[in-house]
Amino acid sequence: MQHIIQVDHTLWALISRLKGKELQTPSRSARFRITTVDANRVVIETGSENSQLALTRAAFQQTLAYLASNNHFGQAQAVEISSNHTYEKAGPLCRAARYRAEGKPGRTNITYILPILEQCQAVGIRSTTPNSTWLLP
């Protein structure tokens, strides 16, 4: 079975096709829209006062790398998403997606990255509480 574990040209091309699409967060409680996709980031617009958030290509790679390196292959090996705006309260997947080389963690982004990866058939998401995710074959 082949799993998508790299943000390569093919995956980024699939993500690029989602421009203008409206998606929902894993809990299905909020909607967001993809407004821009360039070589290194995806810009989304959230429902909260039309605020924008840039999701880096590195954050997508860190998400896939975390899932692969911790053997979250298939629904039986799902991991809780455990997103939290407070870094110390966030689960390891949420923290992995927020990692920045300069040290200070980025904003919470896993709740936007996962639905985008789900649209590309890279991950599955269980939207019932507790929300969880896994790599798809």
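The values are calculated or read from the model by the stated rules, or taken from the named source; none is laboratory data. Owing to the predicted nature of the structure, the values given are computational and were not obtained by experimental measurement. Reconstructed Cβ throughout: ideal geometry from the backbone, glycine too, with neighbour counts over all protein chains shown.
Only one of the numbered conditions (1) touching a helix residue (DSSP H, G or I) at 6+ places or on another chain (Cβ under 7 Å); (2) at pLDDT below 95 is not met by K104, and that is (1). Go through region 77-116 and report how many residues are touching a residue at least 60 places away in the same chain (Cβ under 8 Å) and touching a strand residue (DSSP E or B) at 6+ places or on another chain (Cβ under 8 Å). So the answer is 4.
T36 - would you say it is more than 22 Å from L136 (Cα to Cα), at pLDDT 95 or above and buried (at least 17 other Cβ atoms within 10 Å of the Cβ)? Considered against the rule, which asks whether it is more than 22 Å from L136 (Cα to Cα), at pLDDT 95 or above and buried (at least 17 other Cβ atoms within 10 Å of the Cβ), T36 comes out as no. Does at least one position in region 30-53 carry a residue that is farther than 18 Å from Q121 by Cβ, among the aromatic types (F, W, Y) and out of contact with any Lys or Arg (no Cβ under 8 Å at 6 or more places or on another chain)? Checking region 30-53: at least one residue is farther than 18 Å from Q121 by Cβ, among the aromatic types (F, W, Y) and out of contact with any Lys or Arg (no Cβ under 8 Å at 6 or more places or on another chain).
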